[in-house]
1. If you check every pair at least six apart or on different chains, which have Cβ atoms under 8 Å apart with a residue in the stretch 252-269 that is outside the structural domain of THR60 (by TED's automatic domain parsing) first and a residue that is small (Gly, Ala, Ser) and loosely packed, with under 13 Cβ neighbours inside 10 Å second?
2. If we scan the stretch 185-198, do we find a residue that is in the same structural domain as ILE96 (by TED's automatic domain parsing), outside any helix (DSSP H, G or I), within 17 Å of GLU116 (Cα to Cα) and out of contact with any strand residue (DSSP E or B) (no Cβ under 6 Å at 6 or more places or on another chain)?
3. Filter the stretch 182-195 down to residues that are in contact (Cβ under 8 Å) with a residue 60 or more places away in the chain and closer than 13 Å to ILE108 by Cβ and give me whichever is farthest from the chain's Cα centre (by Cα).
4. Of the residues that sit in the stretch 159-181 and are surrounded by 21 or more Cβ atoms within 10 Å (Cβ to Cβ) and in a helix (DSSP H, G or I), which one is nearest to the chain's Cα centre (by Cα)?
5. Which one of ARG79, ARG10, ARG75 is at positive phi and basic (Lys, Arg)?
6. Filter the stretch 131-175 down to the residues that are touching a residue at least 60 places away in the same chain (Cβ under 8 Å), farther than 20 Å from ASP21 by Cα and not polar (S, T, N, Q) and list them by number.
7. Just to check your reading of the model, which residue among ILE122, ILE143, ILE169 is assigned by TED's automatic domain parsing to the domain that holds ILE212 and closer than 19 Å to ILE33 by Cα?
8. With at pLDDT below 95 and either farther than 22 Å from LEU226 by Cβ or in contact with a Phe, Trp or Tyr (Cβ under 7 Å, 6 or more places away or on another chain) (or both) as the only criterion, which of ASN151, ASN123 stands out?
Amino acid sequence: MDRYNASHPRQSPNLRQALRDAASNDTALFGTIIGLPSLDVAKVIAATDCDFAAIDAEHTPYSATSLSEMVQTVRAYSRGRMIPIVRVPTHTHEWIAWAVDAGAGGVIMPHTESAEEVREMINAAKFPPHGHRSFPPFALLPIDGQNGPTNGKTWFETSNEHIAIIPQIESAKGVENAEAMMQIPEVDAIMIGQMDLTMDVGGSAEKAAELISHVEALALKYNKPLLAFIMNKADMPAKLKAGYRLAVISADVYALTGSTNAAIAEFREAATGKGLETTHTVVKDEPSASRKSLVPTTSERKAVSPELVIGRLSMGILLVVAFSFLRGQTSSWVR
């Protein structure tokens, strides 16, 4: 993913080219969604192997400053390898401008229902001649190469070339106007919001599936990559065939709770005596029972499975993230 970076971490990485390459190679970009408004979480996510991190400002309350810091943290702590994408909370100009000024490689606009809304999104995210994004004098400073050229192009040209426009379709009206949206050249991908779409059609999973199939067919017709949550790896071959090139395969909240509950379940099972024989080796010449309960023998230490060690390390990392998040929240409450 390093090849999609810009000349400076304050500039937007090239998500548009990454999408084109994924399509050419018949693969996808894999990422996670950040729902916890925590810089510590962003730092941990940035250290993973995700291709992108989608920062969800729609369902998480951010200030403009905290959102900018999240984007810049992903850029800095991944050393430019991971592409931050922002799902903005509204259709208004300022949130889109703040996201791209911070260095986001793409913008997702939720509940998009018309081509007119898409054009307004483009106006906010793209400099002329493609849009009407205002010159941001304080986003990039004339120091440290922040506003330097990338591949011989000005950072204005770089921004227009790199930033991906991603409308999210999650209503029957959005599906009705999906073809008009996909006919806009500046649209780089389409996100399908399956849950909201299902609710919008009265909770009918069958109707929602029919509408999603319609959007997928249009996306193939107009060569527009699709973005969605894909939680079952067995679905990937079919999703690739349908044109999905951005796959959200995890979320920080669910990774934290899921890993914690899985570890608790395993240790509770171990506490009942089940499976203990797989982690301990009985040695005939062991010392007294009291020492056995307190100090593992050399044979026992060698018999500990790597999976158990990795599991405990993972639990430690998760607890650090959780405590850091709670500490930050507690500090904000006190203030």
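The values are calculated or read from the model by the stated rules, or taken from the named source; none is laboratory data. The structure presented is a predicted model; accordingly, all values stated were derived computationally and were not measured. Heads up, the Cβs are rebuilt from the backbone with ideal geometry, glycines too, and the neighbour counts pull from every protein chain shown.
1. Taking only residues 6 or more apart or on different chains, the pairs are GLU269/GLY275.
2. Yes; the residues of the stretch 185-198 include at least one that is in the same structural domain as ILE96 (by TED's automatic domain parsing), outside any helix (DSSP H, G or I), within 17 Å of GLU116 (Cα to Cα) and out of contact with any strand residue (DSSP E or B) (no Cβ under 6 Å at 6 or more places or on another chain).
3. VAL187
4. Ranking the candidates gives HIS162 first.
5. On inspection, the qualifying residue turns out to be ARG79.
6. Hits for the stretch 131-175 are ALA139, LEU140, ASP144, GLY145, GLY148, PRO149, TRP155, GLU170, LYS173, GLY174.
7. Result: ILE169 is the single residue among ILE122, ILE143, ILE169 that is assigned by TED's automatic domain parsing to the domain that holds ILE212 and closer than 19 Å to ILE33 by Cα.
8. ASN151
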